[in-house]
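For reference, the structure discussed in these notes is given below.
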Amino acid sequence: MAKTIIPIGPYHPLQEEPEFFQLVVEGEKIVDAIANIGYNHRGIEKLSELKTFDQVAFVVERICGICSTSHPLAYVRAVEDILGNDCVVPERANYIRTIIAELERIHSHLLWIGLAGHFLGYNTVYMWAWKERETVLDIFEELSGNRNNYAMMRVGGVRRDFEEKSLAGVITRLNKLIDFVQMIKKAVLDDPVLHARLKGVGVLTKQDCIDYCALGPTARASGIANDVRKDDPYAAYDKVKWNVITQIEGDVFAKAVVRILETLESINIVIECMQKMPKGPIYDNVKDIPCGEGIGHIEAPRGECFHYVRSDGTNRPVRHKVRAPTYMNLPTYKEALIGETISDATIILAAIDPCYCCTERVTVIDANNKKNKTVYSQQDLIKLSQRKTEQIRAKLGAR
Amino acid sequence: MNREELLKSIKIKFKQSIKDFLDKSETRVYFEIDPKDIKELTEYLFMDIGARFNIASGIDTRFNIEIIYHFTIERLNLIISIRVKLDRDKPKVDSITPLIKGAEWIEREIHELIGVDFTGHPNLKRLLLSDDWPEGVYPLRADYKEWDKGAIRDRGV
């Protein structure tokens, strides 16, 4: 049978992020798949060499809007690794870090559950999950002042303390969220239609996960019990009780189960941390970053987030390597897609919860004049944004 | 195998090629080895020990090009970083992609951003940069100039 190539992307009205897949199909069956990335590369690693150690925490926060605390946390842990014993993160700061990181996991997993439902045409789940995700974002606003990009992490601790009076209300809301997640768990795990649709689809075997070094829920759904929170406990994860969730099937259904059960674990971690949290200072004052190199890795919602920072004794990093979890998870699409039918392609690709802004980190260049000159500087972008606002205002005024 | 036994076994097995060893902390160790043995050491760590390949980071130190391969051994809670130093004029090292499929993308990235030639890589084409990016211009090299002229480029010393 003749082979046909179906291009998906890089820009498409239905895609959230730019990515380009070429699916080689015979009839309906996928026989090969090729992925191209690089449509969203912003050169963050280069940029962070020009910023001071304090500023980099804010730069890496903007790598991704969904897991916007994972990157700063991994980065500050890398810098704390350079400092070694010179820097002791206070106990309260560790608890605050845990709470923020776990709340993020809850909202990220709820976002995925919603999107997965949407891709399957099960829009009720999408509406439910995203409605309840708002609760988490509201909690974020109350605790950190921001619904996204919380700016909580700093080298040596956290930037902002929680207000005691808001904690009780947050715990009440989280308890309500547990009821909701239990409901979703029932709705998804007991639904015969979803069983029929997702079981045995896009199977990633344990050996594939090892070969591709897959991470996070993707690996845990294939029976690899790797979780940085357990393996190399950071923040306050060794002080609270929780379980690593694993499944052995490796199909899309197993990945959904892992994420739903993990959400429940995360809610419990947050509640326990809020009850146990000691009082005290929230940061250790760090003056100079000595020469050296450090590694920080944490468990982001999608898997291990890995940062390598090297300092030469000045106030800026000489090299800062960022490795987001999707970078390792995305290449597994080959094993998961080949042999499946084209109608399953969307959900299989979505099953690893890909995050392209994390995977690619360059600048907008003018492709016509070949000179690699940046087209838009920050000032230009602000100007453009202001002009657009003016236009909208004029339009509204004219009506 | 515990932490000490593992480190000892590496030291004995690759006695000839280890140039430097740093026991930084309980969870982090650094080896510097001869670039020609990277494939063997990777095979030992990945296949025999069962380490997970985290990532490689390429650095231009102005004197030479360094690549650091990070491996994690979860059951020992240990990150082993293997450093190789390459000649800056013609950086060349054996590819580890034939051993670890997960290393394909990062080697392509280091190849386009720093200009290291990975011999034996099955598909050494660009990953992130666009097709019209000029050949031989590596954005993460220390002497890379044609970037943003307005940026502050002093190192703040």
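The values are calculated or read from the model by the stated rules, or taken from the named source; none is laboratory data. All values reported here derive from a predicted model rather than from experimental measurement. All Cβ positions, glycine included, derive from the backbone under ideal geometry; neighbour counts span all protein chains shown.
Here are a few things to note about the model shown:
- Screening segment B:63-147 for strands (runs of 3 or more DSSP E) wholly inside it with 1 or more residues that are facing chain A (nearest Cβ under 10 Å), within 29 Å of B:I10 (Cβ to Cβ) and not charged (D, E, K, R) returns the ranges B:65-73, B:78-86.
- Tally of residues being more than 11 Å from chain B (Cβ to nearest Cβ), among the aliphatic types (A, V, I, L, M) and under 15 Å from A:N315 (Cα atoms) across segment A:54-83: 5
- Test: A:A93 is surrounded by 24 or more Cβ atoms within 10 Å (Cβ to Cβ) and of a type outside the set (D, E, K, R): yes
- Among the residues of segment B:28-46, the ones that are surrounded by fewer than 17 Cβ atoms within 10 Å (Cβ to Cβ) and over 16 Å from B:S95 (Cβ atoms) come to 2 in all.
- Of the numbered criteria (1) modelled with pLDDT under 95; (2) part of a helix (DSSP H, G or I); (3) surrounded by fewer than 21 Cβ atoms within 10 Å (Cβ to Cβ), the one A:G223 fails is (2).
- Sole residue being closer than 23 Å to A:H307 by Cα, in contact with a strand residue (DSSP E or B) (Cβ under 7 Å, 6 or more places away or on another chain) and more than 12 Å from chain A (Cβ to nearest Cβ), chosen from B:F21, B:F53: B:F21
- Here is the figure for segment A:152-175: residues that are within 20 Å of A:L73 (Cβ to Cβ) and assigned to a loop (DSSP other than H, G, I, E, B) total 7.
- The single residue among B:L76, B:L124 that is within 25 Å of A:D227 (Cα to Cα), modelled with pLDDT under 95 and of a type in the set (A, V, I, L, M) turns out to be B:L76.
- For A:D238, the conditions (1) over 19 Å from the mean Cα position of the chain (by Cα); (2) of a type in the set (D, E, K, R); (3) assigned to a helix (DSSP H, G or I) all hold with the exception of (3).
- Subset tally (residues that are of a type in the set (D, E) and either in contact with a Lys or Arg (Cβ under 6 Å, 6 or more places away or on another chain) or not in a helix (DSSP H, G or I) (or both)) for segment A:103-143: 1
- Restricting segment B:26-50 to residues that are at the interface with chain A (Cβ under 10 Å from one of its Cβ atoms) and hydroxyl-bearing (S, T, Y) leaves a set whose member that is farthest from B:L99 (Cα to Cα) is B:T27.
- B:G50 vs. criteria crowded, with 21+ Cβ neighbours inside 10 Å, at pLDDT below 95 and not hydroxyl-bearing (S, T, Y): no
- Residue list for segment A:9-53, restricted to those being among the small types (G, A, S) and facing chain B (nearest Cβ under 9 Å): A:G38, A:G43
- Annotation note: Cβ proximity below 6 Å between a residue of segment A:181-209 that is closer than 13 Å to A:L261 by Cα and a residue that is surrounded by 16 or more Cβ atoms within 10 Å (Cβ to Cβ) and not basic (K, R) (sequence gap 6+ or interchain) occurs for A:V181/A:T263; A:V181/A:L264; A:K185/A:I260; A:V188/A:L194.
- Residues that are assigned to a strand (DSSP E or B), at the interface with chain B (Cβ under 10 Å from one of its Cβ atoms) and out of contact with any Pro (no Cβ under 7 Å at 6 or more places or on another chain), drawn from segment A:308-326: A:Y308, A:V318, A:R319, A:H320, A:K321, A:V322, A:R323
- Hey, A:R310 at pLDDT 85 or above and farther than 24 Å from B:I100 by Cα or not: yes
This table checks each residue for (1) at pLDDT 95 or above; (2) within 14 Å of chain B (Cβ to nearest Cβ); (3) assigned to a loop (DSSP other than H, G, I, E, B); (4) on the phi > 0 side of the Ramachandran plot.
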{"residue": "A:G250", "(1), (2), (3), (4)": "no, no, yes, yes"}
{"residue": "A:F253", "(1), (2), (3), (4)": "no, no, no, no"}
{"residue": "A:A256", "(1), (2), (3), (4)": "no, no, no, no"}
{"residue": "A:S266", "(1), (2), (3), (4)": "yes, no, no, no"}
{"residue": "A:I269", "(1), (2), (3), (4)": "yes, no, no, no"}
{"residue": "A:K279", "(1), (2), (3), (4)": "no, no, yes, no"}
{"residue": "A:N285", "(1), (2), (3), (4)": "no, no, yes, no"}
{"residue": "A:D288", "(1), (2), (3), (4)": "no, yes, yes, no"}
{"residue": "A:E293", "(1), (2), (3), (4)": "no, yes, no, no"}
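Every residue, every condition in (1) more than 20 Å from the chain's Cα centre (by Cα); (2) buried (at least 19 other Cβ atoms within 10 Å of the Cβ), yes or no:
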| position | (1), (2) |
| --- | --- |
| A:I5 | yes, no |
| A:P10 | yes, no |
| A:E28 | yes, no |
| A:N36 | yes, no |
| A:Y39 | no, no |
| A:L47 | yes, yes |
| A:D54 | yes, no |
| A:F58 | no, no |
| A:I63 | no, yes |
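- Top-ranked residue of segment A:328-356 - restricted to ones that are out of contact with any Asp or Glu (no Cβ under 9 Å at 6 or more places or on another chain) and within 14 Å of chain B (Cβ to nearest Cβ), ranked as nearest to A:I224 (Cα to Cα): A:I352
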